[in-house]
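Below: the structure, in structure tokens.
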Amino acid sequence: MTVTILIFPIGHCLGTHYSGGDPDDHVQQVRLGGEIVELTDHEFAVWSLAHGLVDEPEVVPGPWDRACVEDAFADSGVSNAAELVDQLLTRSLLAEVDVDSPAAADFARQHRLLPLHLGLGNSAKYSTMFAAGTTEQPLVGMTKTLYDMWLWAHLAPNLLAACEERATSDSPDALGLLTAALTTMHSLLAPSAACLDLAVPEYQP
């Protein structure tokens, strides 16, 4: 069986925070649950790349994993990308998940999915494709199943509970929905249509 271990960024980007007038005196901030954590520019670059790439015609689509993130820094000024990935994994700002294993359910119990764009619905021309973005421009398209998950998952205490609530007789079971959500997650993360956050504390194992 092929093992598909994907890498995911955890947290909501809050942007750059300057302490004063010195342009070099700044940190990058990410909200992780109820805490604001600070990253260096290089840490933030690695965390950002874990979201995936948008509109890169030379990149062959495929699973977004640790190797993809590290390879993206091969010719950059970030020479210690592998070390930074390890540090961010330790700080719970990155997570590696085997989406085909029982560990995926454990990950889903500890995290939740939050929408960040506006829901734009579908259109008469493309009735099976649903979009999210801004009032001026759709930025990501989704199937009805993924769109429903994107719309409602934030009301559940964690991602697994959201999958259990969305599962019906006409859809895959909860674990099937979870696998589908995780394997397509970077299509939401890359354009910042959604973020993964920690589960509501009282529901974390």
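All of the numbers you see were taken from the coordinates with simple rules; none came from a lab. None of these values were measured; they are calculated from a predicted model. All Cβ positions, glycine included, derive from the backbone under ideal geometry; neighbour counts span all protein chains shown.
Points to keep in mind about this one:
- The spacing between the range 1-35 and the range 117-157, judged by their C-alpha centroids, is 25 Å.
- Ranked packing of 32-38, 154-160, 120-126, 19-25, most packed first, by mean Cβ within 10 Å: 154-160, 32-38, 120-126, 19-25
- Calculated P(r) tail over 25 Å for the range 5-203, as whole % of Cα pairs: 38 percent
- The residues neighbouring Trp47, those whose beta-carbon lies less than 12 Å from its own, together hold a net charge of -2 under the Lys/Arg +1, Asp/Glu -1 convention.
- Given charges at Cβ of Lys, Arg, Asp, Glu: the chain dipole, positive-most of Leu84, Thr40, Ser123: Ser123
- Think of each Lys and Arg Cβ as +1 and each Asp and Glu Cβ as -1; about the Cα centre, that makes the dipole of the chain roughly 840 debye.
- The chain: calculated mean residue ellipticity at 222 nm from DSSP helix runs of at least 4, using -39500 (n - 2.57): -8500 deg cm²/dmol
- Pairs of Cα atoms nearer than 8 Å and 6+ residues apart set the relative contact order; for the range 5-203 it is 25 percent.
- Among Leu189, Ser101, Leu53 - extreme Cα towards positive end, dipole of the range 49-205, charges at beta-carbon: Leu189
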